[in-house]
Structure formats: structure tokens, C-alpha cells
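> Handing you this structure, nothing more for now.
The values are calculated or read from the model by the stated rules, or taken from the named source; none is laboratory data. Quick caveat, the model's predicted, so the values are computed rather than measured. Note: ideal-geometry Cβ built from the backbone for every residue, glycine included; neighbour counts use all protein chains shown. Note: accessible area is taken over every heavy atom of the protein model, side chains too, but ligands, DNA and RNA are not part of it. Shrake-Rupley method; radii C 1.70, N 1.55, O 1.52, S 1.80 Å.
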Amino acid sequence: EEMILHATRVGRVHTAALLIGSDFLDVDTYGKTTTKGTPQFSALPPEDIPRLGWEVTKRRIQRWRAVADRVVLLLCPGNHDKFVTSCFRVLLHEAFDDQPDVDLLWSRKERVYLRWGATLIGATHGDTAKAVALPELMLAEAPSLDGVTRRIWVRGHDHVHQVKKRNAVEINTAPALSPNSTWAAQNFGLADREALLICVDPTANFVDKFT
């Protein structure tokens, strides 16, 4: 709710781009493991995790629809929730395919691109393509760079909030809402358990961030 209050402090939002997946859920199997089998802690029964995750996802989308003219869903499966997030794609189509104010972007490459004015935004989880490779991938994969004056990536995977620049491209590593995993604790200490909001002016002259 704080994110929405911050985004709407100067009026209604034109386009809200929501990252769907990217380790939103910590487990992906009935045995409470990641997609590849790494054990994770969860107090919930495994069958309740995707159900509750889907309910939260729907409420989040509907809340942003109330304050934005357009909502774009950027589907980025994470290494913790790759299968469940892929199932969410089917549910998202069923729920919003006939809604003209909701668009779903996804790719089998697990990298999607959104053009907003003079800004090109790329989104991916970050487990398949490392951060150092993202600027070159954007140049190769983006439909068009004509008129683009700012390029931004949003990625996850490391569960910590970081901002780096590489070849004039801003790479934002977003924190995670899920609790600390064993891997994240061993490699990064206590992860940043929070959300990231990036507000982009269509002229690319102003970018605001809020966590």
C-alpha cells in the first residue's frame, strides 16, 4: 500500500509494470524445495503455497488497476518458483485476457522488454543471464532502440537491493519479499526483505525509486 501511495502522490498512474514471479514463492515442489531441489523452509502445507500466492498476485494486480490506466505484467520465473510461475501464466491469461487495461509480457528466454517513452526497461530474474551480460542482451533482443535515451534492467535472484551501471545501462537488483533462504544467507548475509518501486518519467529525465 505504501508503494501505491508513493506512486500516486502526484496523480493517477499511466502505466504500472508489475514483476510476476522472480522468487515471489520460495518453493516449487511438494517436497518444499526450489525448482532444482534445494530444500527450503516453509510453515505452510505445500499445496497451500501456490494457492495463496495466486490469491495475493490477483489482489495486487486489482489494486494497481484501481490507480493506473494500464497494468503490464512482466512474467519472470525465478529459480525458486519456475514451475509455479509458469502455471501462473495460464491463470493470468484466464483472468485478464479479456481486460483491455491489462497486458501480459513473457518469453521463453525469461527476459521481457517494455518501452515507456524514451526509456527501455528489461526484466528478468537473473539466474540464467548474469548481470554483466544484460546490456549486450538488451541491444541484441530489444525490438527497437530508436529514440531511447535511458536503458534500465530490473532483476532479482540475489535477494538484495543493488544498483550498478554497465555500458550506460542501469542494472537494478531488486530485493525479495520471501524470507531468507539458506543460499542467500550464506552468500549475502541477511537479505533485504522488501519491495522496490521505480517511477519513470516518459521523457527519461526523471527516475524515482522507493523501497
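> Hey, can you tell me all the residues within the range 88-120 that are assigned to a strand (DSSP E or B) and open to solvent by 30 Å² or more (accessible area, probe 1.4 Å)? Walk me through it before giving the result.
Residues of the range 88-120 that are assigned to a strand (DSSP E or B), as a first pass: 102-105, 111-116, 119-120.
Across the range 88-120, the qualifying residues are 103, 104, 105, 111, 113, 115, 116.
> Conditions first: (1) open to solvent by less than 60 Å² (accessible area, probe 1.4 Å); (2) under 21 Å from residue 203 (Cβ atoms). Residue 168 passes all but one, so which condition is the exception?
Just one mismatch for residue 168, condition (1).
> Taking the range 47-69 as the search range and keeping residues that are of a type in the set (Lys, Arg) and farther than 19 Å from residue 30 by Cβ, which one is least open to solvent (accessible area, probe 1.4 Å)?
Filtering the range 47-69 down to residues of a type in the set (Lys, Arg) leaves 51, 58-60, 63, 65.
If we keep only those that are farther than 19 Å from residue 30 by Cβ as well, we get 58-60, 63, 65.
Working: 58: 78, 59: 147, 60: 91, 63: 88, 65: 49 Å².
So the residue we want is 65.
> Can you tell me which residue within the range 86-132, out of those that are of a type in the set (S, T, N, Q) and in contact with a helix residue (DSSP H, G or I) (Cβ under 9 Å, 6 or more places away or on another chain), is modelled with the highest pLDDT?
Filtering the range 86-132 down to residues of a type in the set (S, T, N, Q) leaves 86, 99, 107, 119, 124, 128.
Next, only the ones that are in contact with a helix residue (DSSP H, G or I) (Cβ under 9 Å, 6 or more places away or on another chain) stay: 99, 107, 124.
Values: 99: 97, 107: 94, 124: 94.
Here the answer is 99.
> Give me a count of the residues in the range 70-85 that are part of a loop (DSSP other than H, G, I, E, B) and buried (at least 24 other Cβ atoms within 10 Å of the Cβ). Explain how you work it out, then say what you get.
Kept after step one, since they are part of a loop (DSSP other than H, G, I, E, B), are these residues of the range 70-85: 77-81.
Cutting the leftovers down to buried (at least 24 other Cβ atoms within 10 Å of the Cβ) gives us 77-78, 80-81.
Adding up the residues that qualify gives 4.
> Another question, if that's okay. Tell me yes or no: at least one residue of the range 6-24 is touching a Lys or Arg at 6+ places or on another chain (Cβ under 6 Å), among the β-branched types (Val, Ile, Thr), farther than 18 Å from residue 81 by Cα and open to solvent by less than 40 Å² (accessible area, probe 1.4 Å). Lay out the reasoning, then the answer.
So the first thing to find is which residues in the range 6-24 are touching a Lys or Arg at 6+ places or on another chain (Cβ under 6 Å), and the list is 15.
Now restrict to residues that are among the β-branched types (Val, Ile, Thr): 15.
Then drop every residue that is not farther than 18 Å from residue 81 by Cα, which leaves 15.
This time we only want the ones that are open to solvent by less than 40 Å² (accessible area, probe 1.4 Å), so: 15.
Yes; the residues of the range 6-24 include at least one that is touching a Lys or Arg at 6+ places or on another chain (Cβ under 6 Å), among the β-branched types (Val, Ile, Thr), farther than 18 Å from residue 81 by Cα and open to solvent by less than 40 Å² (accessible area, probe 1.4 Å).
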